[in-house]
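For reference, the structure discussed in these notes is given below.
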Amino acid sequence: MDSHLGHIRPAVSVRTRDPDEARAVCGEHLYPRSMRLLEPGAMLDARFAFLHLGSLTVADVRYGAAVAGVTEGLDSYHVNVARAGRFSACQGRRPISGGPDHAAVYRPVGDTELHYASADCHLLAVKVDRLALEAHLSSILDLTVRDTIRLSGRIEAGQAAGRTVTGLVRFLGAEIENANSMFYEPIVAAPLEEAVLTSLLMAADHQYRDRLRDRVPWRHAPRSILPAVDAIHAEPRRAYTVAALAETAGISHGQLRLEFGRQFGMTPMAYVREVRLVAAHAELRAADPDDTSVNAVTRRWGFASPAAFAARYQARFHVPPGETLRRRHG
């Protein structure tokens, strides 16, 4: 997957009571659409927030009134997770709805009509670049995907794969307006973007899902993964994904995972995190506690949670990271 995360745009927030402005905002960041109020005398109280993250646009959407509207072909894949309220829609002849127990999924083709979104409807939406998702699937399966991925219109939030993708969407939504979010660090954003694409492909039914789930183990030893390993050690702070490492090694996703598991007993991204953990340890040992902090090192090496970093560090080196930093002058 070719990531576009070098230029992550700052989050955008808008609140408006003007339907024309609401339509313009949606058109700029999501899709051109019509919008109409469903209840006589109702007033719009729309609140929008958008984060553009590589091939993903994450949106927090509230209308503050019952609305309906029409959008032409999206030309993107799209997921709606309802944090509150309900909505019903259709895309072509496919009925689509969303609520607390399931997420809604749209395809790139087919006019989309929102029949009803309740006044308390609060959506987390993810617009997924069409070419990016299809290229990602091609890379995983080691084949060329030439047709539209016929994603089903519904993902059950109570099932394991559904919990993963809706959990990731909620995680992204919670960080939209956090100006200090780790999402602005490509070292964190790139694998997160890849995780969203993969989890969507695993959670929604489509014509390729059986191939994803039932891939036959490789019968022949793959080419060496040394180019990927060398790249990780040469540039440990680079924004790696499984797709990028597979491309570096000149092998498929499956071959890369199989060979990393065989040689190192871990996944490619777990190996990346292990190399970064060792590098963070070396930096803490060399750093002056007056000039840096554990949180700064945590962020620099791409660990999204300081608490998770501290736990992983303690398990690996048997001391808290703060103690390593303070020992410099000992």
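Per-residue answers, yes or no, for (1) aliphatic (A, V, I, L, M); (2) in contact with an Asp or Glu (Cβ under 6 Å, 6 or more places away or on another chain); (3) not in a strand (DSSP E or B):
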| site | (1), (2), (3) |
| --- | --- |
| D60 | no, no, no |
| A65 | yes, no, yes |
| A68 | yes, no, no |
| G73 | no, no, yes |
| V79 | yes, no, no |
| A82 | yes, no, no |
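For D60, only one of the following conditions fails: (1) open to solvent by 10 Å² or more (accessible area, probe 1.4 Å); (2) more than 28 Å from E39 (Cα to Cα). What is its number?
Going through the list (1) open to solvent by 10 Å² or more (accessible area, probe 1.4 Å); (2) more than 28 Å from E39 (Cα to Cα), D60 breaks only (2).
Suppose we filter segment 279-301 for residues that are closer than 10 Å to P236 by Cα and either of a type in the set (G, A, S) or without any contact (Cβ under 8 Å) to a residue 24 or more places away in the chain (or both); how many remain?
1
Please identify the pairs in which a residue from segment 186-201 that is among the β-branched types (V, I, T) has its Cβ atom under 6 Å from the Cβ atom of a residue that is outside any helix (DSSP H, G or I), counting only partners at least 6 apart or on another chain.
I187/R237; I187/A239; I187/G302; V188/G302; V188/A304
If you check A307 against the conditions, is it among the small types (G, A, S), open to solvent by 70 Å² or more (accessible area, probe 1.4 Å), under 24 Å from the mean Cα position of the chain (by Cα) and farther than 30 Å from A135 by Cβ? Reasoning before the result, please.
Details: among the small types (G, A, S): yes; open to solvent by 70 Å² or more (accessible area, probe 1.4 Å): yes; under 24 Å from the mean Cα position of the chain (by Cα): yes; farther than 30 Å from A135 by Cβ: yes.
Yes, satisfied.
Restricting to segment 98-110, and then to whatever is at pLDDT below 95 and outside any strand (DSSP E or B), can you tell me which residue is farthest from M202 (Cα to Cα)? Walk me through how you get there before you give the answer.
Filtering segment 98-110 down to residues at pLDDT below 95 leaves 98-102, 109-110.
With outside any strand (DSSP E or B) added as a condition, the list becomes 100-101, 109-110.
On the way: P100: 20, D101: 18, V109: 21, G110: 23 Å.
Taking the candidates together, the pick is G110.
All but one of (1) over 19 Å from I176 (Cα atoms); (2) of a type outside the set (F, W, Y); (3) open to solvent by less than 20 Å² (accessible area, probe 1.4 Å); (4) without any contact (Cβ under 8 Å) to a residue 60 or more places away in the chain hold for S88; state the number of the condition that does not hold.
With respect to (1) over 19 Å from I176 (Cα atoms); (2) of a type outside the set (F, W, Y); (3) open to solvent by less than 20 Å² (accessible area, probe 1.4 Å); (4) without any contact (Cβ under 8 Å) to a residue 60 or more places away in the chain, S88 is out only on (3).
The values are calculated or read from the model by the stated rules, or taken from the named source; none is laboratory data. As the structure is a computational prediction, the values presented were derived from the model and not from experiment. Neighbour counts run over all protein chains shown; Cβ positions are idealised from the backbone, glycine included. We work out accessible area using only protein heavy atoms, side chains counted, and drop any ligands, DNA or RNA first. Shrake-Rupley method; radii C 1.70, N 1.55, O 1.52, S 1.80 Å.
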